[in-house]
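Everything below concerns the one structure shown next.
No lab work stands behind these numbers, since they all come straight from the coordinates. Fair warning: this is a prediction, and the values are worked out from it, not measured in the lab. Note: ideal-geometry Cβ built from the backbone for every residue, glycine included; neighbour counts use all protein chains shown.
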Amino acid sequence: MDLWTLSLRILLLPSVLVFCADLFHSECYTVSGADYRGTQNQTSLDSGKPCLFWNETFQHPYNTLKYPNGEGGLGDHNYCRNPDADVSPWCYIAEHEDGVYWKYCDIPTCRMPGNLGCFKDHGNPPPLIGITETSNKQTIQTCITLCRRQRYKYAGLESGFACFCGNNADYRKHGETPSTDCNSVCFGDHKQPCGGDGRIILFDSLIGACGGNYTKEAAVIYSPDFPDSYGSGKACYWTIQVPGATLIHFKFTFFVIKDSRDMVELLDGYTKQVLVRFDGRNHPSQSFNISSDFIILYFFSDQINQAQGFALVYQAFKERTMEKPQLSNQTQTELITQTANLSINAARSSKILYVITTSPSRPTGQVPGWTIYALTGLLILTIIAILVKALLHLNIKSQRLASPTSLDSCHRGSAGEIWSIFYKPSTSISIFPKKIKGPHDDRNPLVGE
């Protein structure tokens, strides 16, 4: 790719891209909504209780006086938050009901991708028809792992200890209920929601898988064992290959890796070259783009520390067909200078920009190999023809000069004669004697004695 094309792509990128899929509208990427930073300020959108401002709840444990630096998303507002890592966001309310001064918030937009929702379970038949297992150490990932190993698409949890697996897509047949109905804590982790009494919370069984293949134009990839902490000794690969994509946008919605040996890498799917690496010391600070349609995501954890992991959102884009505008030399110079200044400023700000401009699957516009071979062969034949012609001329000349018959037939002159040899390549070789002119001799040199 030439410098002009690269400069144009960098500067005009937002205007020449067509989005391939809808953006994720979810405001949460954790199962408990600890990362919720939305603006819902009542316990539910339908006749919910209004929330109190966090900077006015000094009589309660969580307020801006105790957490003045925005910990847990607290501030001078009354939005629902989850500062104590509960099962879902909540807020303080003014109207006490049986001594309760807070309530969970039912936030439709705060649903982790892969969380299919909370549904009614009448028991005959249950929403998921497959296998069932109960455990007093039940967690979301324990149930998901069980269902994934049995090759079921969906995993459901109910009453904190029951796990259901199934492939039936009619899990909505008994109706959906508010998310707060599924806030019974898991017996194995009191920070996770595991359904309720007659209420089942459903998940996609791909969540927390160690590896996978993604071809969708947009998706979320979670670290292994999510929402539990990732295990030790993990080495996982995910392939992201979106046909027709010219650029893939990546963003880590959260990244909790504590060990410098635990790392996340993104590699070029064709060359296997590492494009970017993050670990416990080098966290991703912003989103970034990679100009390719095939990326490999790699995760490694050692045998020591464990942490929550990561959630990576990707979105694929297609480039609109456009004609290259005619720019003057001055405009091109300004464009290249501006691009160079952008690169210098990016380097000075110590922010990493990863732009992969070529791909082995789409070679650049080079001369085909067969054309080079044909021109080389033609050049060799031309050189051979020139050499053969030169050798033929030399051969003819040597034969005529060495012939004794021709030499004997010529008249020999006296000692004062000069023999002249004229060579004309297109005809033949002529040999004749030429006498030195005397003072009164004006005879034609071609006339013999």
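Alpha-carbon geometry of region 106-216: the Rg and the Dmax are 12.9, 38 Å, given in that order.
Which whole-number percentage describes the relative contact order of region 59-116, with Cα contacts under 8 Å and a sequence gap of 6 or more?
It rounds to 19 percent for region 59-116.
Computed over Cα pairs, the Kirkwood radius of region 58-126 leads via Stokes-Einstein (0.890 mPa s, 25 °C) to a diffusion coefficient of 170 µm² per second.
With R₀ fixed at 51 Å, the C-beta to C-beta distance from Cys210 to His77 puts the FRET efficiency at about 0.85. Taking region 25-45 and a reference point 7 angstrom along Cα→Cβ of Asp84, no backbone N atom is nearer than 11 Å. Using R0 = 41 Å, the C-beta based FRET efficiency linking Glu95 and Asn167 works out to 0.40. Annotation: amide H-H contacts under 5 Å for Phe310 (H modelled 1.01 Å from N, sequence separation of 5 or more, or interchain): Ser223, Val256. Computing FRET efficiency as 1/(1 + (r/R0)^6) for Lys258 and His122, where r is the C-beta to C-beta distance and R0 is 51 Å, gives about 0.70.
Backbone geometry of region 40-50 corresponds, through the Karplus equation with coefficients 6.51, -1.76 and 1.60 at θ = phi - 60°, to 3J(HN,Hα) couplings of 6, 10, 8, 5, 7, 6, 9, 6, x, 7, x Hz, x marking Gly and Pro.
Restriction of the trypsin sites (Lys or Arg not before Pro) in region 44-110 to DSSP coil positions whose beta-carbon has at most 15 other beta-carbons within 10 angstrom yields Lys66. For region 23-65, applying the loop criterion from DSSP together with a ceiling of 12 other beta carbons within 10 Å to the chymotrypsin sites (Phe, Trp or Tyr not before Pro) yields Phe58. Within the shell of other residues whose beta carbon sits under 9 angstrom from the beta carbon of Ser260, the net charge comes to 0, with Lys and Arg scored +1 and Asp and Glu -1. For Thr271 and Ala390, the difference between the fully extended length at 0.36 nm per residue and the C-alpha to C-alpha distance is 37.7 nm. Summing charges over all other residues whose Cβ lies under 11 Å from the Cβ of Pro126, with Lys and Arg as +1 and Asp and Glu as -1, gives 0. When the pairs Lys173/Lys216; Lys49/Lys173; Lys66/Lys191; Lys103/Lys191; Lys49/Lys191; Lys103/Lys251 are compared against a 20 Å limit on Cα-Cα distance, Lys173/Lys216; Lys49/Lys173; Lys66/Lys191; Lys49/Lys191; Lys103/Lys251 fall above it.
Distance from the Cα centroid of region 151-196 to that of region 112-145 is 4 Å (rounded to whole angstrom).
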